[in-house]
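I am attaching a structure below and will ask some questions about it afterwards.
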Amino acid sequence: MSTPTSELTERYTHALMNTFGPPKLALVRGEGSHVWDEHGKEYVDLLGGIAVNSLGHAHPALVAAVTEQLQTLGHVSNFFTTGPQVELAEKLLALLGGHEGKVFLANSGAEANEGAFKLTRRTGRTHVVAAEGGFHGRTMGALALTSKAAYREPFEPLPGEVTFVPYGDVEALAAAVTDQTAAICLEPIQGEAGVVVAPDGYLAAARAIADEHGALLWLDEVQSGVGRTGEWFAHLRHEVVPDVVTLAKGLGGGYPIGAVVGLGRAADLLQPGNHGTTFGGNPVACAAALAVIGTIEDEHLLEHVTVIGQKVRDGLAADPRVTEVRGEGLLIGLDLVSETAAQVVEAAQDAGFIVNAPTPRRIRLAPPLVLTDEDAAAFLAAWPGILDAAGV
Ligand SMILES: *Cc1c(COP(=O)(O)O)cnc(C)c1O
């Protein structure tokens, strides 16, 4: 495992705050599902910028949309509107099932959740129920909804009255929600926890519990949304209609954008003066998101993601050192027999594949939705050797 020395990563440690630990690689170029490091080594990118690069790297449709929009009109303030902004909001509402609703455009997942958190306050209630193992971002409000002690504790006190319940446990959820609860906030698939899928019936039960108490059902689809699971949104498989949906990661295909969608009564809770952002709704970001959505449609990527995702999960599960494989479409998590996920990440990198270890025992894959059969097959062929090299 000889990693050549890197001038860039050395300079990084002096110029960038040490929030992420040392970078694993310095990357210089990408194309499709492939990236190249500064030494010219090629990798199949099975993480996709953490579920962000929906169309892979340098997709011509995304490059053209961003370039053309920047050449036409790159930014206006929210005193004004633009075609891409309105078109994107309408498109998101249509993809969510065409229910009555309204969209607030933001710049990231945490910021989308921050906006949604503020929206829930406009119900006149302050209590929120969220799930253990959930991840909603690093701003103070998003962090207040995130259960992991190591992320929270250095920054307490955090805003809000938040009750955490075990994910997937209907009884615990029913017991925690009261007539004072503003919202239930859940991921349809917990990404950062290592891809934990909501059990059948859980989201429908959450819908019923929210209705019983007049609370909002808020689904955080920042990681699971926009085609990642082979559906436009992961919750659509569960046939529930949420009040609030938050989006970000894959929406812009690498161009930063987030969105809060309020359906039904949640559409009009935020009123003039309640919330804002300078960059949110930026026409270039909206053009990027429209290019992502249009390409998913044109290239029939939902069908592709469903088929290739199943192949990858089956291939990974064939090795006895993998005890469980979870996920939907191309949001995939697996458990190893031992706490060797960090070694697997390194061995995969040596073998030319980028994967991620969200916990010491779990591997997560969130490759571009355009992942080819050849790249998937190459990874599955290399997989047993990667586990050998990692000493799993
Ligand atoms: C990544 C993520 C966030 C935070 O998004 P940022 O863009 O990093 O702020 C929020 N919720 C979920 C489910 C995520 O996966």
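So which helices of the chain fit the span-like rule, where a helix is a whole DSSP H run, its Cα atoms reach 20 Å or more along the axis, and its mean Kyte-Doolittle is at least 0.0?
283-298, 301-317, 373-390
Return a whole-number percent for the relative contact order of the stretch 205-347, with Cα pairs under 8 Å and 6 or more residues apart as the contact set.
Relative contact order here is 21 percent.
For a quick check: with amide H placed at 1.01 Å from N, whose amide H comes under 5 Å from Leu216's, ignoring anything fewer than 5 positions away on the same chain?
Correct list: Ala183, Ile184.
Same structure, new question: Find the all-direction average of the projected area of the Cα convex hull for the stretch 237-392, expressing the result in square nanometres with one decimal place.
That works out to 11.7 nm².
Ok, one more. Straight-line reach from Lys102: which lysines fall under 19 Å, measuring Cα to Cα and dropping same-chain residues less than 8 apart?
Counting by Cα, and skipping residues close in sequence, Lys102 has these lysines nearby: Lys91, Lys118.
Same structure, new question: Mean projection of the alpha-carbon convex hull of the stretch 23-156 over all orientations, in nm²?
Directional mean of the projected Cα hull area for the stretch 23-156 stands at 12.3 nm².
About the Cα centre of the stretch 73-298, what is the dipole size in debye to 20, counting +1 per Lys and Arg Cβ and -1 per Asp and Glu Cβ, all else neutral?
In debye, rounded to 20, the stretch 73-298 gives about 540.
Ok, one more. Got the relative contact order for the stretch 73-298 handy, in percent, Cα pairs under 8 Å and 6 or more residues apart?
Once divided by the residue count of the stretch 73-298, the mean separation gives 29 percent.
Right, here's the next one. Among Arg364, Arg11, Arg29, which one moves the most in a GNM of the chain with springs linking Cα atoms closer than 10 Å?
Result: Arg11 has the largest fluctuation of those listed.
If I build a Gaussian network model for the chain, linking alpha-carbon pairs within less than 10 angstrom, which residue out of Gly168, Gly98, Gly115 has the largest mean-square fluctuation?
Checking each option, the largest mean-square fluctuation is seen for Gly98.
Top mean-square fluctuation among Val162, Val344, Val76, Gaussian network model of the chain, C-alpha springs under 10 Å?
With Cα springs under 10 Å in the chain, the top fluctuation among Val162, Val344, Val76 is at Val76.
Hey, can you grab everything whose amide H is under 5 Å from the amide H of Val165? Only 5+ residues off in sequence or another chain; H modelled, so Pro and N-termini drop out.
Ala130, Ala131, Glu132
Okay, moving on. Using every Cα-Cα pair within the chain, state what percent have a distance larger than 26 Å.
For the chain, the share of Cα pairs beyond 26 Å comes to 53 percent.
For the stretch 123-130, in order, what is each residue's ³J(HN,Hα) by Karplus, 6.51 cos²θ - 1.76 cosθ + 1.60 with θ = phi - 60°, in whole Hz (x at glycine and Pro)?
6, x, 10, 10, 7, 10, 10, 10
Residues of the chain: accessible area per residue at 1.4 Å, in Å²?
Each residue of the chain exposes 43 Å² on average to a 1.4 Å probe.
Report the FRET efficiency, 1/(1 + (r/R0)^6), for Met140 and His75, where r is their Cβ-Cβ distance and R0 is 25 Å, rounded to 0.05.
Once rounded, the FRET efficiency stands at 0.40.
State, as an integer percentage, the relative contact order of the chain based on alpha-carbon contacts under 8 Å between residues 6 or more apart.
Taking the mean separation of contacting Cα pairs over the length of the chain, I get 22 percent.
Mind putting a number on the dipole of the chain about its Cα centre? Charges go on the C-beta only, +1 for Lys and Arg and -1 for Asp and Glu, and I need it in Debye to the nearest 20.
780 debye
Another question, then. Expressed as a whole percentage, what fraction of the accessible surface of the chain belongs to carbon and sulfur atoms when a 1.4 Å probe is rolled over the protein heavy atoms?
Whole-percent figure for carbon plus sulfur exposure: 55.
List the lysines whose Cα lies under 30 Å from the Cα of Lys311, skipping any in the same chain that are fewer than 8 positions away.
Lys24, Lys41, Lys249
Extension gain Thr13-Glu153, at 0.36 nm per residue separation less the Cα-Cα distance, in nm?
Between Thr13 and Glu153, full extension yields 47.9 nm more.
Going toward the positive end of the dipole of the stretch 73-298, with +1 on Lys and Arg Cβ and -1 on Asp and Glu Cβ, which of Gly137, Ser147, Ala198 do you reach last?
Of the options given, the answer is Gly137.
The values are calculated or read from the model by the stated rules, or taken from the named source; none is laboratory data. These numbers were taken from a predicted model, which means no experiment stands behind them. Cβ sites come from the backbone with ideal geometry, for glycine too, and all protein chains shown count toward neighbours. We work out accessible area using only protein heavy atoms, side chains counted, and drop any ligands, DNA or RNA first. Shrake-Rupley method; radii C 1.70, N 1.55, O 1.52, S 1.80 Å.
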